1. Let me spell it out: the conditions are (1) crowded, with 16+ Cβ neighbours inside 10 Å; (2) closer than 26 Å to Glu82 by Cβ; (3) touching a helix residue (DSSP H, G or I) at 6+ places or on another chain (Cβ under 7 Å), and Val220 meets all of them except one. Which number is the exception?
2. Where residues in region 70-99 are surrounded by 21 or more Cβ atoms within 10 Å (Cβ to Cβ) and in contact with a His (Cβ under 8 Å, 6 or more places away or on another chain), which of them is farthest from Leu141 (Cα to Cα)?
3. From the residues in region 130-153 that are polar (S, T, N, Q) and farther than 29 Å from His111 by Cα, which one is nearest to the chain's Cα centre (by Cα)?
4. Scan region 203-227 for residues that are within 18 Å of Leu262 (Cβ to Cβ) and in a loop (DSSP other than H, G, I, E, B) and report the count.
5. More than 30 Å from His83 (Cα to Cα), touching a helix residue (DSSP H, G or I) at 6+ places or on another chain (Cβ under 6 Å) and without any contact (Cβ under 8 Å) to a residue 60 or more places away in the chain: does that describe Gly192?
6. Taking Asp230 as the residue in question, decide whether it is surrounded by 14 or more Cβ atoms within 10 Å (Cβ to Cβ), assigned to a loop (DSSP other than H, G, I, E, B) and in contact (Cβ under 8 Å) with a residue 40 or more places away in the chain.
7. So, in region 179-202, how many residues would count as being within 16 Å of ligand 4 (Cβ to nearest atom) and either surrounded by 20 or more Cβ atoms within 10 Å (Cβ to Cβ) or within 14 Å of the chain's Cα centre (by Cα) (or both)?
8. Could you please give the count of residues in region 80-124 that are within 16 Å of ligand 3 (Cβ to nearest atom), among the acidic types (Asp, Glu) and touching a residue at least 12 places away in the same chain (Cβ under 8 Å)?
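Readers should treat all values here as calculations from the given coordinates under stated rules, not as data from a laboratory. Source: prediction; values computed, not measured. In this analysis, Cβ positions are derived from the backbone assuming ideal geometry, glycine residues included, and neighbour counts consider all displayed protein chains.
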Amino acid sequence: MNNFHILLGSFFFISVVQLEEAPERRWNGKGTTPNLQSIVLGRCYDYIETVNPLVGKKNCSEIWEAFLKAFVGKDPCTVLPEHYELFINLTLHDIPASKSLFWENNKQLVHRYSDKTSRYMPLGDTLAGWIADNLDWCGALGNPGLEDSSCPTTAECENNPQEAFWRIASVTYAKHSSGEIKIMLNGSTPGGAFPVPSFLADYEIPNFQRGQVSNISILVMDEMDGPDIDSCGKNSIAVLEGILASRNFSFKCYDNYRPVRLLQCVDFPDNPECSTGNLGSAHLWISIMLPLLAVIVH
Ligand SMILES: *[C@@H]1O[C@H](CO)[C@@H](O)[C@H](O)[C@H]1NC(C)=O
Ligand SMILES: *[C@@H]1O[C@H](CO)[C@@H](O)[C@H](O)[C@H]1NC(C)=O
Ligand SMILES: *[C@@H]1O[C@H](CO)[C@@H](O)[C@H](O)[C@H]1NC(C)=O
Ligand SMILES: *[C@@H]1O[C@H](CO)[C@@H](O)[C@H](O)[C@H]1NC(C)=O
Ligand SMILES: *[C@@H]1O[C@H](CO)[C@@H](O)[C@H](O)[C@H]1NC(C)=O
């Protein structure tokens, strides 16, 4: 072999390596989160051992296998909610009465408020939601592994592994909710606080059980430094109230519900809405000045 052939050989070798390193992106969504199996297993053990040991015995290996079986080896546009049924059965646990918290467009605030099940238990604080939160995953037809370059978005195809998962998880969560239900919405959302279509409108509210749910509180939280686009009784909140009323649920709506407002205040201590100091000094001022005024008037 002469030098030219060696050169040519290494050129081909490099080209092949480069092709393998830059696989074609088929879909617009992110590919499977790296180390998916370790994350799912780790989160599962973390949840049952430290976050919420009240759920009792669960087999995390079995849960991982049921999760994987729902979508691996399948065309990622043909995955249906019922494919996760075994996973849902294996992860099922009680949602304590009056701990359910539904939401759209304010995940961070909801999770600060729920505090890993210690105050409330939104879907993301149940075992099923905890395991899948913020992850991406899909497979491919005839491929026994995970697809790591890209996964379909719901705009590309509705029956994708992640959409199917969150649909059955949302339906199951809504069906198992009882007592006083809270719905936290973002009053600063440009399109309105109650989005339609949404998981809340399409999979959760239709599955609230009238016999189990005693009443519903709607909390419309504006961003501390954001616009007040939606409020109780107006725009999309009026639509939500109409839906709940037509289904005979008793409900009450709160604008900037105080306990959650106080949580937002942690990051805006100088906002006038947050400084009880002003209120305090006003009271002090009145309590000193009123007797003085009384004396002067007399
Ligand atoms: C948990 O599930 C795995 C996989 O299905 C199984 O091999 C194992 O025996 C189960 N462990 C227990 C303690 O049931
Ligand atoms: C899940 O549980 C339901 C209710 O117990 C049962 O009817 C169904 O067959 C179970 N599905 C699977 C796949 O285990
Ligand atoms: C509420 O909506 C606004 C506008 O879309 C957004 O900037 C903000 O991050 C949202 N708040 C939360 C807590 O997600
Ligand atoms: C809502 O239901 C809860 C739990 O059943 C109850 O304690 C509460 O008094 C109810 N609130 C209203 C306003 O009816
Ligand atoms: C709601 O209550 C009204 C009056 O009690 C009844 O006529 C109607 O059928 C109920 N609607 C539903 C969805 O249960």
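1. Only one criterion is unmet by Val220, namely (2).
2. In this case the residue turns out to be Ile95.
3. Among those that are polar (S, T, N, Q) and farther than 29 Å from His111 by Cα, it is Ser149.
4. Going through region 203-227 one residue at a time, the tally reaches 5.
5. Against the criterion (more than 30 Å from His83 (Cα to Cα), touching a helix residue (DSSP H, G or I) at 6+ places or on another chain (Cβ under 6 Å) and without any contact (Cβ under 8 Å) to a residue 60 or more places away in the chain), Gly192 qualifies.
6. Yes.
7. Total meeting the criteria: 3.
8. So the answer is 1.
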